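**Q** Before I ask anything, here is the structure I am working with.
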Amino acid sequence: MTAPPFALFSAQREASVRKKISGSLARFERAQHSLAGGVSTALRRSARPSPLYFKSGKGSRITDVDDNNYIDYTLAWGPLILGHSPEPINQAIAAQLKLGHTFGAQHDLEFEVAELLKKYIPCADRVAFANSGTEIVQVALRLARGATGRKKYLKFEGHYHGWDDSVLISYRPTRAQIESAHGQPIPVGTGQRPNHETVAVEWNDRQMVERAFAEQGHDIAAVVLEPMLCNSSCLPADPGFLQFLRDITTKHGALLIFDEVITGFRLALGGAQQHYGVVPDLATFAKAAGGGLPLSVLAGKAEFMSLIAEGKVVHAGTLNGNPLCLAAAKATIEELAKDNGSVYQQLWANGEKLRNGLEQILRHAGLPVVATAGGPVFHLSFAEHPARTYRETLSANTALYSDFGLALLDEGILALPDGRWYLSTAHTADDIEQTLNAIQRVVEQPI
Ligand SMILES: Cc1ncc(COP(=O)(O)O)c(C=O)c1O
């Protein structure tokens, strides 16, 4: 492969970006003296050339402290399904602000939002609220252990289910880590407590799942998965794989848990379970559920959720179900549900147009681009072959993609460093066209 222009010129791109972001650079330098790492969550540190500081966002656009305006495809790592600062959410929050931020007690928005979720999410006989995706996955796993009396759960390599020790396992291990682990689950950082509860297998590998159940089925309380592997290259399940998981968990008396923190409200109003037509026992939601405010949801079948209702499985939290977040959630769901959810057609059409356009331009420029998934969330990488499993994603050229990201930033396009692209209902055909023109400039006009 001949080296592409933006790889050759990444030093110039970096210099060009640095000139435009002096305000961000100064702030990051200052922040590191008081804030551990200078950022509020570890991944943000990896931004190239430096973490940016933002002052406002509206619709599909975000503006940094140096007044650079970007078309935003990061959407705060997923939550902003309606774009930045949408009026219906602003009004709902403003109205609630006057009435009180939090009561630590019951209020009408709790059952109003619960009823909406029940209406749209196939597995939602009952729901429970918390504040983050990490927390709600823990509630789901505790519920599965409580319901089955078993200790272990099965997860897939490359899937992310939050930062708790119990699930921060075999998430994006390096090749060397995989080789030295000899099939054992791999913790991500130091300080994690020893893990004896996780059975980690490869995504889309039926035989590994069958073997795990044959050997340890009596001990496996649940299978938890991202129904589309958004956290590692947006790898869809192979045809029939989700149904296979539905069947094998039912057969062995284990629960099937869809972690819909990303796919929820994004692939469809009822999440991946609606989109793919496979209904889990429990499902977790966060990100888009709160439209940008901290909210997470456990949705599940009545027979399992009854353990929470009866107080046998503890689910607790001071700020759970607080009215500000639920006001935002209600406004978000009502917006998405308008006209029978017709906004999803636009979301999918725009996403496909963008993905196809990007693929075409980059391929035409001689790059081995691979695009996976589509519509409201998709992934781009530079690789010779499409991947089906996490391990196969390891052959992608991430350094080249990083240079590409830098060039995009220089052209006013903000995208996530890992190759994931998120669309909101606020992105217009004009945004897509401007983005594709910018990519064309990237590949045609080395600076
Ligand atoms: C699929 C999935 N599950 C769980 C989480 C954890 O959610 P949170 O960051 O809200 O704790 C994430 C976060 O990105 C996620 O993508």
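**Q** Could you grab me the full set of residues in the stretch 258-272 that are within 14 Å of the ligand (Cβ to nearest atom), touching a Leu at 6+ places or on another chain (Cβ under 9 Å) and not aromatic (Phe, Trp, Tyr)?
**A** Within the stretch 258-272, Asp259, Glu260, Arg266, Ala272 meet the criteria.
**Q** Here's something else I'd like to know. Restricting the stretch 282-311 to residues that are more than 30 Å from Gln91 (Cβ to Cβ) and touching a helix residue (DSSP H, G or I) at 6+ places or on another chain (Cβ under 6 Å), which is nearest to the ligand (Cβ to nearest atom)?
**A** Checking each candidate, the answer is Leu282.
**Q** Another one. Give me the pairs: first residue in the stretch 147-160 and at positive phi, second residue aromatic (Phe, Trp, Tyr), beta-carbon distance under 7 Å, and six or more apart or on different chains, which are they?
**A** Matching pairs, first to second residue: Gly158/Tyr171; Gly158/Trp203; Gly158/Tyr390.
**Q** Restricting attention to the stretch 258-280, report how many residues are polar (S, T, N, Q) and in a loop (DSSP other than H, G, I, E, B).
**A** Residues in the stretch 258-280 being polar (S, T, N, Q) and in a loop (DSSP other than H, G, I, E, B): 1 in total.
**Q** I've got another one for you. Hey, any hits in the stretch 242-254 for a residue that's under 15 Å from the mean Cα position of the chain (by Cα) and surrounded by fewer than 24 Cβ atoms within 10 Å (Cβ to Cβ)?
**A** no
Conditions (1) in contact with a helix residue (DSSP H, G or I) (Cβ under 8 Å, 6 or more places away or on another chain); (2) over 26 Å from Ile439 (Cβ atoms); (3) not in a strand (DSSP E or B), marked per residue:
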position	(1), (2), (3)
Val17	yes, no, yes
Ser40	no, yes, yes
Lys58	no, no, no
Asp66	yes, no, yes
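**Q** Could I ask something else about it? Having 3 or more residues that are in contact with a strand residue (DSSP E or B) (Cβ under 7 Å, 6 or more places away or on another chain) and not assigned by TED's automatic domain parsing to the domain that holds Met208 is the bar; report the helices (runs of 4 or more DSSP H) wholly within the stretch 383-447 that clear it.
**A** 429-444
**Q** Go through the stretch 1-15 and count every residue that is modelled with pLDDT of 90 or more and surrounded by fewer than 16 Cβ atoms within 10 Å (Cβ to Cβ).
**A** Number satisfying all stated conditions: 1.
**Q** Something else now. Just checking: which of the helices (runs of 4 or more DSSP H) contained wholly in the stretch 144-257 hold 1 or more residues that are within 16 Å of the ligand (Cβ to nearest atom)?
**A** Result: 241-252.
**Q** Looking at the structure I just gave you, is Lys118 out of contact with any helix residue (DSSP H, G or I) (no Cβ under 8 Å at 6 or more places or on another chain), farther than 24 Å from Ile248 by Cβ and either within 12 Å of the ligand (Cβ to nearest atom) or in a helix (DSSP H, G or I) (or both)?
**A** yes
**Q** Of the residues that make up the stretch 61-71, is at least one in contact with a strand residue (DSSP E or B) (Cβ under 8 Å, 6 or more places away or on another chain), more than 16 Å from the ligand (Cβ to nearest atom) and of a type in the set (Ser, Thr, Tyr)?
**A** yes
**Q** Does Ala387 satisfy the condition of being over 20 Å from the mean Cα position of the chain (by Cα), farther than 21 Å from Leu80 by Cα and at pLDDT 95 or above?
**A** In short, no.
The values are calculated or read from the model by the stated rules, or taken from the named source; none is laboratory data. A quick note: this is a predicted structure, and the numbers were derived from the prediction, not measured. Note that each Cβ is placed from the backbone with ideal geometry, even for glycine, and that neighbours are counted across all protein chains shown.
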